[in-house]
Amino acid sequence: MDIIVIDCGVQFPTEEMLGIDFVIPNISYLEDNLDRIRGILITHGHEDHIGALPFVLPSLQTPVYSPLFAHALIRAKLLEHPECNNAELYPITPGIPYDFGSNFQVTWFQVTHSIPDAMGLIIETPIGTVIHTGDFKLDHTPVDGKTMDLSRLASYGSNGVLLLCSDSTYAEVEGFTLSENLMQDAFDKSFGEASGRILIATFASLISRIQQIVDVSNRYNRKICFIGRSMVDNVSMARRMGYLKIPSDVIVTLNESKALSSEQVVYVTTGSQGEPRSALSRIANRDHRDIAIQENDTVILSASPIPGNELLVNRNIDNLLRQGAKVLYDKNSFVHVHGHGSREELKIILNLIKPDYFIPVHGEYRHLMAHAGIAWHLGVADKGIYVLEDGDVLEISESEAGVTGSVSADPVYIDGSLMLAAGSPVLDDRQSLSNYGVITIVITIDESQRKIIDNPKVLSSGFMGINETKSVFSALGTQVRESFSISVDVWDDLEIMKSKLKEIVRVYLFSKTRRQPIIIPIIKKI
């Protein structure tokens with residue numbers, strides 16, 4: 001039986017995932033079934049849909065099919081990963097059927113989302129049609145003029161659809177998601193009220209938002225300076241491909257922007273999510289080498305915080321306000337519209353397609369449940385609504401469906417070039433370090449006399465203040481000397497000695513401080 005993989009994205013780390021860059025799923029099931037995989041099918045170019053490709057392709061070595069803008073983003077991403085040099089990447093044309101093995105014929109169709117060339121998938125199988133919406137909203141006045149292909153969906157719905165998998169991200173939000181076009185008036189108001197420089201932070205992939213910023217800047221005779229690597233790269237790519245229309249004389253470099261008056265410049269930057277290394281965060285923290293906040297600056301955060309990023313975003317807002325900037329963000333201004341459909345839009349898709357079975361996808365568990373509830377109340381998918389956990393296996397035949405088991409899909413943590421499995425002691429150690437710090441204890445033993453010589457040396461970082469530790473560490477040294485003096489039987493094995501030393505230190509420190517730092521034992525023999 002053939003396998004196709006839909007999207008290959010990353011999850012962004014939460015605050016407790018210390019040092020982790022990304023989270024990707026365990027792909028061991030796919031590795032065990034390499035000969036059956038016919039391709040990875042991409043719906044659009046957001047990181048949560050393409051970000052895992054550099055880490056997955058070296059193991060799977062399967063072709064990747066994607067819409068044109070996503071294709072360009074993937075090519076650029078893989079250039080930074082030499083191990084992916086031989087990746088097979090194919091741009092698709094929407095509306096054209098593609099065969100994947102003998103079991104799947106797939107047609108990409110246009111949807112409206114917050115990135116160019118967002119697509120859904122129509123998958124023809126031997127037992128019926130499967131539709132995967134990708135991420136979408138029903139925007140009838142999108143900036144690029146490309147609306148969702150509802151007539152195609154209606155046609156399939158009237159002929160019968162076996163299974164619908166639909167975006168659930170905003171299933172809890174009542175009504176309709178606002179059109180991206182409304183941002184034009186919002187920016188116009190903000191620009192009209194700004195007396196100094198304007199700094200706008202948004203997603204580097206939100207090309208339609210960037211186009212509106214360009215258009216409004218033109219009306220107010222302001223030049224635009226793009227800041228941040230991903231922003232500069234995406235704008236350059238979008239211009240080459242015709243997705244962005246920016247007159248060359250509108251763009252200025254950072255150095256050129258310094259020669260302009262404050263009423264003549266707009267900075268468009270990354271960092272709307274408070275990313276610590278982003279341009280906006282460095283500006284907020286006063287450590288950007290080229291830009292410092294001035295008294296009359298207006299900063300617009302043209303995004304809403306992704307769940308988990310609220311503290312980082314709020315910290316930047318506070319720091320910008322302290323420096324005298326006027327900050328417009330989602331709590332005090334209309335600065336952003338979302339790229340996902342709200343409840344009424346989800347109802348339209350469900351009623352249009354009328355599937356036999358329904359799986360809500362893309363969102364946290366509460367979003368999936370909310371979307372399942374919508375389908376239930378509409379009375380669609382009368383053969384079955386399935387809210388699945390990662391790894392669940394749903395089997396559908398011509399006559400029935402059911403969850404028949406699960407495969408490994410536990411998280412894999414990406415730390416630079418390292419891949420750490422769930423439950424890795426490295427993550428546990430980092431958590432302990434962040435909570436209690438680290439203690440290093442060094443003892444020197446005379447092997448001929450089999451005893452500790454000199455006083456043990458104790459070093460600490462992030463454990464307690466120097467004054468607090470003086471008496472504790474002095475008594476700890478005495479405790480170690482006494483305990484080891486009666487444990488001569490372990491001196492022939494260095495690892496056992498280290499374990500013994502570590503346990504003595506752990507028990508003593510916990511009894512005196514109720515803290516459990518990481519303990520590093522070092523034993524020198526002379």
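Out of all the residues in segment 366-373, is one or more at pLDDT 95 or above, touching a helix residue (DSSP H, G or I) at 6+ places or on another chain (Cβ under 9 Å) and either within 30 Å of ILE523 (Cα to Cα) or surrounded by 12 or more Cβ atoms within 10 Å (Cβ to Cβ) (or both)? Yes; the residues of segment 366-373 include at least one that is at pLDDT 95 or above, touching a helix residue (DSSP H, G or I) at 6+ places or on another chain (Cβ under 9 Å) and either within 30 Å of ILE523 (Cα to Cα) or surrounded by 12 or more Cβ atoms within 10 Å (Cβ to Cβ) (or both).
ASP318 meets all of the listed conditions (1) of a type outside the set (Gly, Ala, Ser); (2) closer than 30 Å to SER406 by Cβ; (3) part of a helix (DSSP H, G or I) but one, namely (2). Restricting the first residue to segment 164-184 and requiring it to be in contact (Cβ under 8 Å) with a residue 12 or more places away in the chain and under 23 Å from ILE131 (Cα atoms), which pairs with a second residue that is among the acidic types (Asp, Glu) and surrounded by fewer than 16 Cβ atoms within 10 Å (Cβ to Cβ) meet a Cβ separation below 8 Å and a spacing of at least six or different chains? Short answer, once both residue conditions are applied: PHE176/GLU344. For segment 320-365, enumerate the residues that are of a type in the set (Lys, Arg) and surrounded by fewer than 16 Cβ atoms within 10 Å (Cβ to Cβ). Passing the criteria: ARG322, LYS331. When you check SER434 against the structure, is it more than 34 Å from the chain's Cα centre (by Cα), of a type in the set (Ser, Thr, Tyr) and at pLDDT 70 or above, yes or no? When the stated conditions are applied, SER434 does not pass them. Name the single residue that is nearest to ARG152 (Cα to Cα) among those in segment 63-77 being crowded, with 20+ Cβ neighbours inside 10 Å and without any contact (Cβ under 8 Å) to a residue 60 or more places away in the chain. Per the criteria, the residue is PRO67. Taking the listed residues GLU344, GLU395, the one that is more than 30 Å from GLN212 (Cα to Cα) and either in contact with a Lys or Arg (Cβ under 8 Å, 6 or more places away or on another chain) or not assigned by TED's automatic domain parsing to the domain that holds LYS189 (or both) is GLU395, with no other qualifying. Of the helices (runs of 4 or more DSSP H) lying entirely inside segment 1-74, those carrying at least 2 residues that are over 13 Å from ILE115 (Cβ atoms) are 28-32, 53-60. For segment 280-314, a residue qualifies if it is within 16 Å of VAL266 (Cβ to Cβ) and either small (Gly, Ala, Ser) or free of Cβ contacts under 8 Å to residues at least 12 places away in the same chain (or both), and exactly one does: SER302. For the subset of segment 185-216 comprising residues that are charged (D, E, K, R) and either touching a residue at least 40 places away in the same chain (Cβ under 8 Å) or assigned by TED's automatic domain parsing to the domain that holds ARG366 (or both), which member is surrounded by the fewest Cβ atoms within 10 Å (Cβ to Cβ)? Residue satisfying both the conditions and the ranking: GLU193. Being in the same structural domain as TRP376 (by TED's automatic domain parsing) and at pLDDT 95 or above holds for only one residue in VAL161, VAL143, and it is VAL161.
When restricted to residues that are among the acidic types (Asp, Glu), surrounded by fewer than 19 Cβ atoms within 10 Å (Cβ to Cβ) and at pLDDT 95 or above, segment 78-127 contains 3. Could you go through segment 164-181 and let me know if any residue there is exposed (fewer than 15 other Cβ atoms within 10 Å of the Cβ) and either at pLDDT 95 or above or not assigned by TED's automatic domain parsing to the domain that holds LEU73 (or both). Checked against the condition, which is being exposed (fewer than 15 other Cβ atoms within 10 Å of the Cβ) and either at pLDDT 95 or above or not assigned by TED's automatic domain parsing to the domain that holds LEU73 (or both), segment 164-181 yields at least one hit.
Scanning segment 210-221 for residues that are part of a loop (DSSP other than H, G, I, E, B) and of a type in the set (S, T, N, Q) turns up just one, ASN221. Scanning segment 390-405 for residues that are modelled with pLDDT of 95 or more and within 18 Å of ILE6 (Cα to Cα), we see that the one that is nearest to the chain's Cα centre (by Cα) is ASP392. Taking the criterion of being under 14 Å from GLU345 (Cβ atoms) and in a helix (DSSP H, G or I), the residues of segment 131-163 that qualify are LEU150, LEU153.
Here is a yes/no grid of residues against (1) surrounded by 14 or more Cβ atoms within 10 Å (Cβ to Cβ); (2) in contact with a Ser or Thr (Cβ under 7 Å, 6 or more places away or on another chain); (3) at pLDDT 90 or above; (4) in the same structural domain as VAL216 (by TED's automatic domain parsing):
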position: THR269; (1), (2), (3), (4): yes, no, yes, yes
position: SER272; (1), (2), (3), (4): yes, yes, yes, yes
position: ARG277; (1), (2), (3), (4): no, no, no, yes
position: ARG286; (1), (2), (3), (4): no, no, yes, yes
position: PRO305; (1), (2), (3), (4): yes, no, no, yes
position: VAL313; (1), (2), (3), (4): yes, no, yes, yes
position: ASP318; (1), (2), (3), (4): no, no, yes, yes
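Residues in segment 180-209 that are in a loop (DSSP other than H, G, I, E, B) and of a type in the set (D, E, K, R): ARG197 alone.
If the condition is being farther than 19 Å from ILE127 by Cβ, touching a residue at least 24 places away in the same chain (Cβ under 8 Å) and either part of a loop (DSSP other than H, G, I, E, B) or acidic (Asp, Glu) (or both), then segment 392-421 contributes VAL407, SER408, ALA409, ASP410, ASP415, GLY416.
Out of contact with any Lys or Arg (no Cβ under 6 Å at 6 or more places or on another chain), free of Cβ contacts under 8 Å to residues at least 12 places away in the same chain and under 26 Å from ASP382 (Cβ atoms): does that describe SER151? For SER151, the condition - out of contact with any Lys or Arg (no Cβ under 6 Å at 6 or more places or on another chain), free of Cβ contacts under 8 Å to residues at least 12 places away in the same chain and under 26 Å from ASP382 (Cβ atoms) - is met. For segment 431-459, a residue qualifies if it is more than 10 Å from ILE518 (Cβ to Cβ), in a strand (DSSP E or B) and not hydrophobic (A, V, I, L, M, F, W, C), and the qualifying residues are THR444, ASP446, LYS451, ASP454, ASN455, PRO456, LYS457. Residue selection: LEU378 satisfies the criterion of being exposed (fewer than 15 other Cβ atoms within 10 Å of the Cβ), closer than 23 Å to VAL111 by Cβ, aliphatic (A, V, I, L, M) and more than 28 Å from the chain's Cα centre (by Cα).
The values are calculated or read from the model by the stated rules, or taken from the named source; none is laboratory data. Predicted model, so just to flag it, every value in this text is computed and none were measured. In this analysis, Cβ positions are derived from the backbone assuming ideal geometry, glycine residues included, and neighbour counts consider all displayed protein chains.
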